[in-house]
1. Between segment 6-27 and segment 39-71, how far is it from one alpha carbon centroid to the other, in angstrom?
2. What nm distance separates the two modelled labels at residue 53 and residue 23, each placed 7 Å from Cα along Cα→Cβ?
3. Provide the net charge surrounding residue 18, with neighbours chosen by a C-beta distance below 12 Å and charges set as Lys +1, Arg +1, Asp -1, Glu -1.
Amino acid sequence: MIFKTNEKVPVDLLASLRESVGWNRMEKELSNPKMTSYYLKGNHIYMISVLFDESLKSFYEKFGFYTMLSGQMETEKCKF
């Protein structure tokens, strides 16, 4: 496993990541030099975790996400 710390990610890639999970792109905000991993660490944001389809694995790896096998099981049906 390779750990990367404070690796720079281009704003357009990060905006695409946000859009892929249904969020707004925040391109203006992400262009702010304060929006870096230093910001995340300084505000005690320890980890960002996402669930995604296997077909998106390489997309998330571009952003420095460490991908791993995972599983999920429903124990009862939704009551909505």
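Bear in mind that the values in this text are calculations on the coordinates, not laboratory data. Bear in mind the structure is a predicted one, so any value in this text is a computation, not a measurement. Reconstructed Cβ throughout: ideal geometry from the backbone, glycine too, with neighbour counts over all protein chains shown.
1. 12
2. 2.1
3. On the way: positive: 25; negative: 12, 19, 27, 29.
Residues close to residue 18 contribute a combined charge of -3.
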